[in-house]
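Bear in mind that the values in this text are calculations on the coordinates, not laboratory data. In this text the structure is predicted, and so the values were computed from the model without any measurement.
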Amino acid sequence: MTRKARAPEAQTPRTTDQARPPRADARRNRERIVAVARDAFAELGPDASLNEIARRAGVGPGTLYRHFPHRSALLTAVLKDRIETLCARADELLSPTSPLSPDEALADWLSAFLAHARVNQGMGGALVLEKTATPDALGFDCHQRILETAAGLLTRAQQQGTARPDLTPGDLVQLVVGIALSTTRGTSDTEQPDRLLGLVLNAVHAHPN
């Protein structure tokens, strides 16, 4: 008697490592590494030891390299985190619940942007050399993102009549970047960046004729 062939059983497809979402502890490790690297790069520059970053984050070097297989990957993650933090500050300042006036909000954000630009001079240069700070790597165009953020704050101040109407977001960003470039190195005057920003802000304000 011929035995009837059994139909093959349906198999549940296996979830690949790429499709599986990261575990909670892996996410925490990654966030802690980025947070520690942010401070380490600010303190020691873009050449800060990755092994030292791993030690400060309380993880092994292997864990760091699993998340960030090379230095530029970690630098890119830190740059993305810094830009997102900077833009999130603008969102807070533009919120209806913000206690600051439009010109105060603009001054607050430009001060934060100046600090960001000064800290990121060396890191940005390292990424430009490696050509890794691309929109694809970051998930957005960092220059465009900052321009759009500056535009939101500047436009509101212009609408309120507290900022001169002929100023563009590109002008404003370039002025602050110029301060960052000229004061990051070669000066012992720690108050100079804020003093120069004050001069810029005085020029930004609309003065009655």
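For segment 23-69, the fraction of C-alpha pairs more than 17 angstrom apart is 22%.
Each residue of segment 42-54 is assigned a 3J(HN,Hα), and the resulting list reads 5, 7, 10, x, x, 9, 3, 4, 5, 5, 5, 4, 4 Hz, derived from the Karplus form 6.51 cos²θ - 1.76 cosθ + 1.60 (θ = phi - 60°), x at Gly and Pro.
Across segment 156-170, coupling constants 3J(HN,Hα) worked out from phi with the 6.51/-1.76/1.60 Karplus curve, θ = phi - 60°, read 5, 5, 5, 5, 7, x, 9, 10, 4, x, 8, 7, 9, x, x Hz, and Gly and Pro carry x. Taking amide hydrogens as placed 1.01 Å from N in the peptide plane, the amide H of ALA163 sits under 5 Å from those of GLN158, ALA206, each at least 5 positions away in sequence or on another chain.
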